[in-house]
Every structure is written in C-alpha cells, then in structure tokens.
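Chemist: Shown below is the structure under consideration.
Just so it is clear, none of the values below were taken in a lab; they were calculated from the coordinates. Keep in mind it's a predicted model, so treat the numbers as computed, not measured. Virtual Cβ from ideal backbone geometry, glycine too; neighbours counted across all protein chains shown.
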There are 2 protein chains.
Amino acid sequence: MGENYLNSLKENASDLLDDAIEQLKGYLSIPTISAQDSAIPETVAHVVSMIENIGGETKVLDDLGGNPVVYGFFAAGENGDKERTLLFYNHYDVQPPEPLEEWNTDPFTPTVLDGKLFARGASDNKGDLVARLTAIKVLQKVDGGLPCNIKFLIEGEEEIGSPNLAPYLQKYKDLFKADACIWEFGGKDEKDRISMVAGIKGMAYLELTCVGADIDMHSSVGAYVDNAAWRLVHALGTMKNASNEILVEGFYDGIVDPTNTEMEAVKKIPFSEEAISSLYGLKRPLITTEKGVDPREAMVFHPTMTICGLESGYTGKGAKTVLPKSAKAKIDCRLVPGQDPNHILSCVQAHLENHGFTDVKAELINGQKAYRSDYNHPFVAHVLKTAEETYQTEVVLAPNSAGTGPMYEFGKQLQLPIVSTGIGWVESKAHAPNESIRIKDFEQGVVHMAYMLSGFSKALQ
Amino acid sequence: MGENYLNSLKENASDLLDDAIEQLKGYLSIPTISAQDSAIPETVAHVVSMIENIGGETKVLDDLGGNPVVYGFFAAGENGDKERTLLFYNHYDVQPPEPLEEWNTDPFTPTVLDGKLFARGASDNKGDLVARLTAIKVLQKVDGGLPCNIKFLIEGEEEIGSPNLAPYLQKYKDLFKADACIWEFGGKDEKDRISMVAGIKGMAYLELTCVGADIDMHSSVGAYVDNAAWRLVHALGTMKNASNEILVEGFYDGIVDPTNTEMEAVKKIPFSEEAISSLYGLKRPLITTEKGVDPREAMVFHPTMTICGLESGYTGKGAKTVLPKSAKAKIDCRLVPGQDPNHILSCVQAHLENHGFTDVKAELINGQKAYRSDYNHPFVAHVLKTAEETYQTEVVLAPNSAGTGPMYEFGKQLQLPIVSTGIGWVESKAHAPNESIRIKDFEQGVVHMAYMLSGFSKALQ
C-alpha cells in the first residue's frame, strides 16, 4: 500500500492498457444476446480461455439448465493470504442491440472514437470482466503473485433476469465461498464522481397480452367489434394513473423500510435534475419534481412500473385501417427489499380480474428480489477508501442501485457483503444504442481493483 | 333483357372466365402498395393496357399531384344509347400485406386453391376492375357493341385515403360526367346474400405521437423519469372509455340524422352476432350487445374510434429493460354524414391540450367525408333488380357502408346516384392476410355488370 505502490500499479496498468483493449474488442465482437439465444457456446469458450491464459483455473457449470455459469479461480501467491477470498460477479451476456438504425457504429464491431470504445456490452458488462482480469495481470507483474484468493462467477443470463442462477448458487455455494464480493457494475456520474452501491433493486418483468380475435379485421367493423388495443390501453390505465401512482392492490406489500443509516446515505447522493434532463433530452419535468419527492429516495427506495414496450396492429408507414386481433405490453417493475416478483404477478392478475379485464393475460418473464448488504461492514469502507485514493475524486455509495441483478441469491447463499463498482460513465448508454466506455475509466478501474485487492485481506482482519 | 338474354350473357361469361382469371393474376402480381409508394408506374401502364386491349380509350391524369388517375372510356355501340353514360369507380392500389408470416401463400403470387383466388387486392379492388372489363367483353361479344357509354375512374391512392382525388374530380368533372356510378366494392355475406350500399362512411385517420426524450433509457430511471408509453396510454384513455364511449368533445358535431327511409332500410340488413363472432374468432361479445344497441344501426349510423396500431420501445423476444423515448398510436375514426375530418383533428388536439397531454401530438394522416346517395333514385332500383335476377338470391342495400372511400367528392362534383357492388365474399379478408375472392362470385359479378349495363339506359328514362 502507499503512494509509491499505487503509482507502480498505475504504471503497470498503463503498460498493459493497449493489450487489454484489444482483448476487450475481441470479447465484444461476439454477439452474446441471451434474449435471442445467440452465441452462448462461443462466448463461454472465450471467457474460459481469457481466464486460463493468465493462469486461472476454470469450471464450466452446466448441469442445472440455462446458459452455463463459468467459475474462475486464482490462488493467493506465496506472500498472499490463502485464508481470504474475494469473489467477482460478472455476466457474459448482453442486451439486444435494437433499434439498430440508431447506432452510429456496428454494435458488434467494437470501435474506438475520441477515447471511447463503442460496442454492445462495452459497459454492461464485458468491459468490467476484462478490467478485473487486467488487474490480476497487474498484481502478478508488480507483486509476482496475488494478495488473496480470487474467484469469479460469470453467468450468461443476467440480461434475461438470471432465471437459472439460484440453483447453481445453492448447489455450488462451497465452490463460490468467499469473504466479500465485488459486483458487476458502476461508474462515474455527470460530474465524474464514482458511484457505487451496496445493494440492488429487484424486478418483476411482465408481459401483458390481450387477444380479441383469431384474425386481424378491417377497421370498419369497429362499430360493433371490440378492440384488443383499446382493452389493453384501458387495462394499463387502471394499473397506474396519469400522476404515476401505481394502483395495483398489494403491489407495495412487505416493503422493508430503509434504516436511518441508509436514509442518511441516500441524502449524500448527488443528483441534478438539470443534468439528467439534458443527458436524456427529456421533454417533461421529472416525475419526482411533479410530486415533490426527493428523486434520490425514489431511485433507491421506491419501486417502479415502467412500460418497456407496446405493440399492436399496424405500425409501418402511412395508414392501414386494421382492427388488430391482439395487443401486447412489456412492463418492468423494479422492486425494493421485501417485495416478491411472484406476489407482484399475482397482484397484477387479481387486479386485471377485479377490473373486468379477464381477457388481458399477465405473464412473469423474469423475477428477482432486491438486496441490500450490511452498510457498516469493513469491506464496504475498504472499497470506498481505495476508490477515493485511486480516483482522487468524490465517491458515492448508495444502499442499493436503481438497477437490478441477481444479488439476492448471492446474499442468501453466500452470506457476504457486496459492493458494486465498475468502469461505466454517465453516458455509457447501457441497454440503449451507442453503448460505450471511456478508455481512461477502464484504466482507472483496473488500478482500483488491483489496489483494492492488495489491501483486502488486511482490511478484513 | 329477359331470361334468354341473361342466359346468353352467362354462357359468354363462362367462356371468357379462364382468360379473365389469368388477366387478373397478372394484375395482382404487381405489389401496388400506395402506403409504401410501391410499383405505381408499372400498375398505371398495366391498367392502361388492359383498357386499350379491349378497345377503350384512356388518359393518364397526373397534372395535379399524387399517384396518377386513369380515365377510361368506351363509347356506346351502334345500337346503344349515346346519351347515357355509366361511370365505374375503382382503385389500383392495395393495402400493405403485413403481417407477412400469416399468409398461407405469397400475397403477390396469386394462387387458386379450392375455387378461390388468394392475393393481396383480389377482393379490394383489383378483382372488381377485371370483372367490369370482362363484362364489357361479354357485351361486345353478345351484342356486337355497348348499350351505353362507359367511363372508368381508376385511382391509385384509395388505400391511403385518396388525398389527391378531389382536385382531379373538380378539374375533370366534365370528362367524368355520367348519369350514375357503380362504386368500388361489395359482395356476399355469410349466407350468400348480395350486400350493396348507396353511400359510405368517412374517415379521420390520426397518428398520435408522444416523445418523452431524445434517447431510449435504461428502465431503472423509471423511478424519476416520465414515460412516453404511459403518457400515450393515459392520453388514449381520456379519448374513449372502457365502455367504448368516445369522450372527445365536439366529436359528434354536425352529424346528420338518418331519414326514416334510411332507418327502415337498415332494419332490413341481416346481421348475426354468432356468424360475425365465429368468422373472426371473437373472444368477447360485440360492443353493441354490451350496450344494448342494434349493431346494424351502429354499423351504418355511428362513428367509430379504432386503434389500428400501437408501438413503443422493445417489442422483440424476451425482456429488454428500456424506458422508451417515444410512443405512437394509429387511430381510425369512421365518420358519418355531417362530420368533418379536419374538425375531428381539431377536437382531438383540443382534447389532448385540455387534459394536460400537450406532449401528445395528433396528426391527420388522411381525412374523408361520408356520403349517402338519394335512396329513391331509379338507378338504385335498377341495380337492385338486376342483382336479384342475376344472383337469384336476397339482395340487401344499406344507406351507407361501414367502410370508407372518396365518394363524397364524387357526389359533390358529379351530382349522381352511386351504388356500390362487387365480387367479394364474407371471408374476403380485405386488409388482412389471406385476402381472397371465390371464382364463382367473380363470374356472377361479370354477368351482373353486363346485365345491369344492358338495361341501364331504359331504367333511367
């Protein structure tokens, strides 16, 4: 530890940077779209070889269904602490790239422009895995070995809600045993502050479908034939009102109130409506501004109900006078600790039934519970402190993120503190066209992980 | 006239049938999709050659914008009445064929199966034009010439709402001058009754668009960022309620009450909820049944507001957690006499504004006024009587159709009675996948048009 040591890590990270970016480009070229079942075996082989190439052991776990889970292991070096283990959680799958026409570069042809690397998965989450592997290379070079054991769990279904991860964690909880975990993601906000989280929201991703007829009809029958699109619109209208209040009975059941420490932590999160509004080009004020709610509290402590997609009938150019046979909505509810995705589904189904929309069917596409780590664990303080020293900038640690991941099962099976940090930036555009990372952020992320690992064992004593 | 004469027409129609179907197949092979600006010049040339090949004169009118209007003229023969002219209205454009995956045959590879001809446009409206040209050939063969002058107006923008037809009708009203008009379409109902109309509903086809941001966002921001899809859902919910009542203020302005004769005519229209429900595979009762309204009155006299399409965000397979930047709805309002599409647009715009949806923009994609002919004109009786003699079945004539066409401008500029009849059948699936006609209906339609033309002049004396 110390300034000289940190500088040595920085120099070595800088030396390894070009090779690391080339390695990342190769990884990003694979279109690992789990929602479309694309390129899974190639990606697994690629991840295995990246780990083995720098001396790690691997196991490909595929005995419990779903896309394989890759286990990676690097033993502590001669001078390292063989009793301590840090676990990294990453995923090798990415979101679908659509709408393709809005990408300035091909999503699976990684392209460096103006210090940024553009590709689907650059930020979420392939870039982070390569940064962490590069941190291991830096430590191997600087120290001749690793300061503790390091494990990886790299799954391939995060972007479809990790539907098969829980059984793997349960069966292999001894294999993945560790003292603490660094989670998937994180990055810099609009003022280059480091933003980290010690927990995560859950999710209930629902698909609502209304079928009105067996075939599309000429719209002239609209005088007497009911319309699936109108039915869906009215059903949705009963679930959330125009003031953005969720009206589904039972939706808020079981929510765990935040602790005072968590409430205080949230007040330290910086937030600028102006910056958010300009970042996305918003046309209206924030919901929270209209309601007089603190947007930081909403972000961390309030569940959501978001329409992610609507589809019915003719959506092409010009006018087609059709009365559509069916209509569909995709709805993403972000959940907070205490909420259960299966209960949310039941509540929505009961709500539709009670409001007379028996023709609107709800299905749970994926469900995950929320999780918050113990905010007072020394590991949390260690990650914070090493981030401040590495980045020399303000570091913010929220009790949980606004985003989602399968953290709940980690906490339940492995019983460890979890902090999420990563190499994204405010315009990373995860899940949207033109996803990117800044190469400088990648380099700093490498240094932070190497530095954090070097002091990890001592911090936990 | 008389039974022998009718039999002679039938024999000659039968002789010409195979050639006519081949000619129709050639015409249907052209993908004349006006909404997508596809194959317009080829189709115009094809229509011109079909008319000229049987001795007609043509003019291609293209001096007033939009797709060309084809004028066709056949002079009365030596024994015909040179003082009387019948005008046929047809259109050469078709609806988009989407959704393509639901067609059992290629929409532009006309295919005969089990006595039916399947292709986009078979029923709406290419089949009718070829039937009418074949009727002319029958009369030429049987009588050696035509019983009256015959004109055609064949336009190429009917499926996008005939936005440019009015100026052509105004400028060329002397060219198209006639004593009566046979309109585009018609056919047989589920009990093989002939269904005709003496008028037509109008249309206001609107596109509603809500833009919430410049880019699609990760759905985790849904805790504080408003959602264009929710905004559109709530805006639509204020325009029509779940009981299918249109709530837009001013929507019903100016509606002309039906006359007693028209009300009586509507009571003669056969209607079976069971048949309609089984035809389309409906999952719910008819709107009219729920409201206790006569569905025939709704069909003829009530305006509609139909969602033809909804689109927002991700609509592919699986889950994409996106907060969409925009949402769009296509809405088709079928209008009755007295309503004005531009007024409907203004009312919708004012309604959105008044309900706080200033971020939802309404645009009129196409607008047409409704029209009803004089139900008591002798031409109407002549078309009815010749239909009964030709088809030997029940004939129903409604004051206006539930569908739409540019009839209002014909009535205004040409001042003539109009009856619509054609060669469709109850499962023609106009505007939907697997559009078809039955070849026997085509043949009977040829005979009816020849027979109607033969007595036309005398009926009007």
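Chemist: Ratio of alpha-carbon Rg to the 2.2 N^0.38 Å globular estimate for the stretch A:47-112, to two decimals, please.
Modeler: Working: Rg = 17.3 Å, N = 66, 2.2 N^0.38 = 10.8 Å.
In units of the globular-protein estimate, the stretch A:47-112 measures up at 1.60.
Chemist: Tell me, what HN-Hα J-couplings in whole Hz come from the Karplus equation 6.51 cos²θ - 1.76 cosθ + 1.60 at θ = phi - 60° for each residue of the stretch A:293-309, using x for Gly and Pro?
Modeler: 10, 5, x, 5, 5, 4, 4, 8, 10, 9, x, 10, 9, 10, 7, 8, x
Chemist: Among the listed pairs B:Lys171/B:Lys385; A:Lys320/B:Lys141; A:Lys325/B:Lys151; A:Lys291/A:Lys330; B:Lys188/B:Lys283, which have their C-alpha atoms separated by more than 30 angstrom in this model? Write out the running numbers ahead of the final one.
Modeler: Numbers: B:Lys171/B:Lys385 34 Å; A:Lys320/B:Lys141 40 Å; A:Lys325/B:Lys151 39 Å; A:Lys291/A:Lys330 25 Å; B:Lys188/B:Lys283 24 Å.
Violating the 30 Å Cα-Cα cut-off are B:Lys171/B:Lys385; A:Lys320/B:Lys141; A:Lys325/B:Lys151.
Chemist: Then there is this: Taking a temperature of 25 °C and a viscosity of 0.890 mPa s, what whole-number D in µm²/s does Stokes-Einstein yield for the stretch B:302-461 with Rh from Kirkwood over alpha carbon pairs?
Modeler: 124
Chemist: Moving on. Run the label-point distances for B:Asn53 please: 7 Å along Cα to Cβ, every other copy, nanometres, shortest first.
Modeler: B:Asn53 label point versus its equivalents elsewhere: 6.6 nm.
Chemist: Here is a further query. Sticking with the crude label model, points 7 Å out along Cα→Cβ, report the distance from A:Lys82 to A:Gln36 in nm, one decimal please.
Modeler: According to this spin-label approximation, the distance is 4.8 nm.
Chemist: Counting only DSSP beta bridges with both residues in the protein assembly as shown, tell me the antiparallel percent, nearest 5. Write out the running numbers ahead of the final one.
Modeler: Numbers: 101 of 143 bridges.
Rounded to the nearest five, the antiparallel share is 70 percent.
Chemist: So, one more: Please compute the Kirkwood hydrodynamic radius over the stretch B:387-461, one decimal place, Å, based on all pairs of different Cα atoms.
Modeler: About 14.7 Å for the stretch B:387-461.
Chemist: Obtain the nm distance between the two label points defined at A:Lys385 and B:Val256 by a simple spin-label model: each point lies 7 Å from its Cα along the Cα-to-C-beta direction.
Modeler: 8.8
Chemist: A further question on this structure: Could you tell me, in Å, what Rg and Dmax come out for the Cα atoms of the stretch B:326-415?
Modeler: Final numbers for Rg and Dmax: 18.9, 59 Å.
Chemist: Sticking with this one: In Å, the Kirkwood hydrodynamic radius of the protein assembly as shown over pairs of distinct alpha carbons?
Modeler: Computed over the protein assembly as shown, the radius equals 31.1 Å.
Chemist: While we're here: What is the ratio of the Cα radius of gyration of the stretch B:242-381 to 2.2 N^0.38 Å, with N the residue count, to two decimals?
Modeler: Dividing the Cα Rg of the stretch B:242-381 by 2.2 N^0.38 Å gives 1.32.
Chemist: Give me the inter-chain shielding for A:242-248: mean count of other chain Cβ atoms within 10 Å, whole number please. Display every interim value, and only then the final one.
Modeler: On the way: counts 10, 1, 8, 0, 0, 0, 0.
Mean partner-chain Cβ count within 10 Å for A:242-248: 3.
Chemist: By what distance, in whole Å, do the Cα atoms of the stretch A:305-365 stretch along each of the three principal axes, largest value first?
Modeler: The principal-axis extents, from largest down, are 47, 24, 16 Å.
Chemist: Let me check I've understood the local charge: for A:Val426, count other residues with C-beta under 9 angstrom from its C-beta, Lys and Arg +1, Asp and Glu -1. What total comes out?
Modeler: -2
Chemist: Would you please put B:154-166, A:255-267 in order of how densely packed they are, using the mean number of other Cβ atoms within 10 angstrom per residue and starting with the highest?
Modeler: B:154-166, A:255-267
Chemist: List the residues, sorted by chain then number, that are 5 or more residues from A:Val396 or on another chain and whose placed amide H is less than 5 Å from its amide H.
Modeler: Sorted by chain and number, the residues that satisfy this are A:Ile194, A:Ser195, A:Met196.
Chemist: Per residue of chain B, what 222 nm ellipticity follows from adding -39500 (n - 2.57) for every DSSP H run with n ≥ 4, rounded to the nearest 500?
Modeler: Numbers: 13 runs with 161 residues, N = 461.
The per-residue figure over chain B is -11000 deg cm²/dmol.
Chemist: When all alpha-carbon pairs of the stretch B:267-325 are counted, what percent fall beyond 13 Å?
Modeler: Details: 1258 of 1711 pairs.
The share of Cα pairs beyond 13 Å in the stretch B:267-325 comes to 74 percent.
Chemist: Taking N as the number of residues in the stretch B:1-140, what value does Rg over Cα atoms divided by 2.2 N^0.38 Å take?
Modeler: My calculation over the Cα atoms of the stretch B:1-140 gives 1.16.
Chemist: Among residues other than A:Leu323 whose Cβ falls under 10 Å from its Cβ, what is the net charge (Lys/Arg +1, Asp/Glu -1)?
Modeler: -2
Chemist: Copy-to-copy spacing for B:Leu175, label 7 Å out on the Cα-to-C-beta vector, in nm, shortest first?
Modeler: Nearest first, the other copies' label points are 7.9 nm away.
Chemist: Describe numerically, in nm with one decimal, the distance between label points set 7 Å from Cα along Cα→Cβ at A:Val293 and at B:Asn354.
Modeler: Going by the 7 Å Cα→Cβ label model, 3.1 nm.
Chemist: Something else: Ordered by residue, what ³J(HN,Hα) values in Hz, to whole numbers, does the stretch B:432-438 give under the Karplus form 6.51 cos²θ - 1.76 cosθ + 1.60, where θ = phi - 60° and Gly and Pro are x?
Modeler: So the J values, rounded to whole Hz, are 10, x, 6, 4, 8, 10, 9.
Chemist: Please list, in chain and number order, the residues 5+ apart from B:Asn434 or on another chain whose amide H is under 5 Å from its amide H, with Hs placed from the backbone.
Modeler: Under 5 Å from the amide H of B:Asn434 lie the amide H atoms of B:Asn104, each far enough along the sequence or on another chain.
Chemist: Averaged over peptide B:402-409, how many Cβ atoms belonging to another chain are found within 10 Å of each residue's Cβ?
Modeler: Per residue, the average neighbour count from other chains is 2.
Chemist: Sticking with this one: I need the trypsin sites (Lys or Arg not before Pro) found in the stretch A:188-246, filtered to DSSP loop residues with at most 14 other beta carbons within 10 Å of theirs.
Modeler: Here the sparse-neighbourhood loop sites are A:Lys191.
Chemist: Moving on to the next point. What span do the alpha-carbon atoms of chain A cover on each of the three principal axes, reported in whole Å from largest to smallest?
Modeler: Here the spans come out as 80, 47, 45 Å, largest first.
Chemist: If you don't mind, there's one more thing I want to ask. Which ³J(HN,Hα) values, rounded to whole Hz and listed in residue order, are derived for the stretch A:148-154 from phi using the Karplus coefficients 6.51, -1.76 and 1.60 in 6.51 cos²θ - 1.76 cosθ + 1.60 with θ = phi - 60°, glycine and proline given as x?
Modeler: 6, 6, 10, 10, 10, 10, 10
Chemist: Would you tell me the mean number of C-beta atoms belonging to other protein chains that fall within 10 Å of each C-beta in A:40-51, as a whole number?
Modeler: 0
Chemist: While we're on this one: I'm checking a number: the convex hull volume of the Cα atoms of the stretch B:115-250, normalised per residue, in Å³. What is it? Can you show the working numbers first?
Modeler: Details: hull volume 36.1 nm³, N = 136.
In the stretch B:115-250, the Cα convex hull volume per residue is 266 Å³.
Chemist: Another question, if that's okay. Write down the radius of gyration of the stretch B:1-77 and its Dmax, each obtained from C-alpha positions, in Å.
Modeler: That works out to 16.2, 48 Å for Rg and Dmax.
Chemist: Copy-to-copy spacing for B:Ala75, label 7 Å out on the Cα-to-C-beta vector, in nm, shortest first?
Modeler: For B:Ala75, the other copies' label points sit at 10.6 nm, shortest first.
Chemist: Here is a further query. Can you list residues from other chains, or at least 5 along the same chain, whose modelled amide H is less than 5 Å from the amide H of A:Thr306?
Modeler: A:Asp332, A:Cys333, A:Arg334
Chemist: How do A:Ser220, B:Ser278, A:Ser123 line up, fewest other C-beta atoms within 10 Å first? List each step's numbers first, then the result.
Modeler: Details: A:Ser220 24, B:Ser278 12, A:Ser123 29.
Exposure proxy ranking, most exposed first: B:Ser278, A:Ser220, A:Ser123.
Chemist: Can I ask one more? Expressed as an acute angle from 0 to 90° and rounded to the nearest 10, what is the orientation of the C-alpha long axis of helix B:228-239 relative to the principal long axis of chain B?
Modeler: Approximately 60 degrees, to the nearest ten.
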